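The values are calculated or read from the model by the stated rules, or taken from the named source; none is laboratory data. Keep in mind that this is a model prediction, so the values were computed, not measured. Note that we place each Cβ from the backbone using ideal geometry, even for glycine, and neighbour counts take in every protein chain shown.
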């Protein structure tokens, strides 16, 4: 009975998650710089943050945030500040003395907790994600759909998001890929830093529509 609704949710989510954004940039940077383990934990952080969005969407808090200029601005400035912070840290990357193959195999150790938090914070603070899930649960999903069915959609969205970014992490943490990025060394970090800063500025300038 709810298959058509689920397929609509899955299709819209696929288009959204495949679009490059802060989540993609952070997972790629963690994977290339720190390896597959860090990239995977970052992906899991992004995926688990989906439960946060789903939770407040089901509770109706997302509607309150989207309609309150003060709350929305607070959220977007927190998100922008976080992206600017990690972006400027990446911009400060210094040239390394290692050869590309050494740089790829001897990357700085990144704790699972730090990688996970990076993913969770990036997705959890993103006001665009707030608006996306709010529209998903108020426009696409029928309000008369049983709560446990809607919660099931939420579980799927979280798992699908984590799976997608785990694949991204696996791709960008491949030895050849990392060695390729290592050849441009600190310039990769600086480029990713610029991307994160640009995304932070974009979020800061975003408005409720």
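Within the range 170-185, the set of residues being surrounded by 16 or more Cβ atoms within 10 Å (Cβ to Cβ) and at pLDDT below 75 comprises 181, 182, 185. Comparison of 165, 133 shows that the only residue that is buried (at least 20 other Cβ atoms within 10 Å of the Cβ), within 30 Å of residue 67 (Cα to Cα) and modelled with pLDDT of 75 or more is 133.
For the range 65-81, the condition of being modelled with pLDDT of 90 or more and more than 26 Å from residue 177 (Cβ to Cβ) holds for none of the residues.
Can you confirm whether the range 108-126 contains a residue that is surrounded by 14 or more Cβ atoms within 10 Å (Cβ to Cβ) and modelled with pLDDT under 80? For the range 108-126, residues surrounded by 14 or more Cβ atoms within 10 Å (Cβ to Cβ) and modelled with pLDDT under 80: absent.
Residues that are under 28 Å from residue 86 (Cα atoms), modelled with pLDDT under 90 and over 17 Å from the mean Cα position of the chain (by Cα) do occur in the range 40-56, at least one of them. Evaluation of residue 193 against the conditions (1) surrounded by 18 or more Cβ atoms within 10 Å (Cβ to Cβ); (2) at pLDDT 75 or above; (3) touching a helix residue (DSSP H, G or I) at 6+ places or on another chain (Cβ under 6 Å) shows that the sole unmet condition is (2).
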